[in-house]
Amino acid sequence: MTGDARLSAPAAARNRQPILDVLMWHLPARGLVLEAASGTGEHVVHFARACPALSFQPSDLDPAHRASIDAWSAALGLTNVRPAIALDATAGIWPVDAADALLCINMIHIAPWTAAEGLMRGAGRVLAPGGLLYLYGPYKRGGQHTAPSNAAFDASLRAQDPAWGVRDLEAVAALAAAQGFGEPVIVEMPANNLSLVFKKAVSCAPR
């Protein structure tokens, strides 16, 4: 407990550095990084401390999470993290209309598939050609779980809500492709998770 609005998630403490290690290869040197479903805020403040030239816009639908994000940012004295905003991935209009990168960590398996569809549509709207879309979490590959622990996790998610569950990587990539993103760079991560790094395709205009 921190004694203030800050919340703590053990998983975030474990995976934030491995995620940052991947992001450092792909984030732009400057610009705005939008994070969907920021949760406690421990990821975004970790990234912001390591990337002072970037601006970060966290978001979450949960007011307690938004308060936690702002409290973490204030406690660390970060000036490159904007106040957290409410963002519904399924909405047709987002409160941010342009960003250079979009991050979404551990969201699409604990939300209905419509959230993944909305996330991809939103990414297609806010990211310019060459923009980065980064996803992290457990995925099935070729319709199969990559580890028994992921199969058990999937079953527990579906027991909580039948609309939740570990998603097929190929289905997620197809959603991204429909919005103009190329094939993902896939990085194996600790605890049987994956990083998916998408770039929005740059169209070649005819001369």
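The values are calculated or read from the model by the stated rules, or taken from the named source; none is laboratory data. Since we're looking at a predicted model, the values are computed, not measured. With ideal geometry, Cβ positions are generated from the backbone for all residues, glycine too; neighbour counts draw on all protein chains shown.
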Could you grab the pairs with beta carbons closer than 7 Å, sequence gap of 6+ or different chains, first residue in segment 160-176 and at positive phi, second one part of a helix (DSSP H, G or I) and among the small types (Gly, Ala, Ser)? none
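The rows are residues; the columns are (1) in contact with a Gly (Cβ under 9 Å, 6 or more places away or on another chain); (2) among the hydrophobic types (A, V, I, L, M, F, W, C); (3) modelled with pLDDT of 95 or more; (4) more than 28 Å from Leu157 (Cβ to Cβ).
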| residue | (1), (2), (3), (4) |
| --- | --- |
| Ala37 | no, yes, yes, no |
| Ala50 | no, yes, yes, yes |
| Ser55 | yes, no, yes, yes |
| Ala84 | yes, yes, yes, no |
| Thr114 | no, no, yes, no |
Per the list (1) free of Cβ contacts under 8 Å to residues at least 40 places away in the same chain; (2) assigned to a helix (DSSP H, G or I); (3) surrounded by fewer than 19 Cβ atoms within 10 Å (Cβ to Cβ); (4) not acidic (Asp, Glu), residue check on Ser8 breaks on (2)
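Select from segment 20-47 the residues that are small (Gly, Ala, Ser), more than 15 Å from the chain's Cα centre (by Cα) and on the phi < 0 side of the Ramachandran plot and list them in ascending order.
Taking segment 20-47 first, the residues small (Gly, Ala, Ser) are 29, 31, 36-39, 41.
Retained after the next criterion (residues that are more than 15 Å from the chain's Cα centre (by Cα)): 29, 31.
Of everything in segment 20-47, just one residue is small (Gly, Ala, Ser), more than 15 Å from the chain's Cα centre (by Cα) and on the phi < 0 side of the Ramachandran plot, namely Ala29.
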Residue, surrounded by the fewest Cβ atoms within 10 Å (Cβ to Cβ), within segment 48-80, restricted to residues that are more than 16 Å from the chain's Cα centre (by Cα), of a type in the set (A, V, I, L, M, F, W, C) and under 24 Å from His26 (Cα atoms): Ala53
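Restricting to segment 89-106, count the residues that are within 13 Å of the chain's Cα centre (by Cα), within 16 Å of Gly118 (Cβ to Cβ) and either among the acidic types (Asp, Glu) or assigned to a loop (DSSP other than H, G, I, E, B) (or both).
So the first thing to find is which residues in segment 89-106 are within 13 Å of the chain's Cα centre (by Cα), and the list is 89, 101-106.
Now narrow it down to the ones that are within 16 Å of Gly118 (Cβ to Cβ): 89, 102-104.
With the extra rule that they be either among the acidic types (Asp, Glu) or assigned to a loop (DSSP other than H, G, I, E, B) (or both), the set shrinks to 89.
Residues meeting the conditions: 1.
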Enumeration of residues in segment 130-149 that are in a strand (DSSP E or B) and either touching a Gly at 6+ places or on another chain (Cβ under 8 Å) or surrounded by 15 or more Cβ atoms within 10 Å (Cβ to Cβ) (or both): Gly131, Leu132, Leu133, Tyr134, Leu135, Tyr136, Gly137, Tyr139, Lys140
Residues that are touching a residue at least 40 places away in the same chain (Cβ under 8 Å) and outside any loop (DSSP other than H, G, I, E, B), drawn from segment 34-43: Leu34, Glu35, Ala36, His43
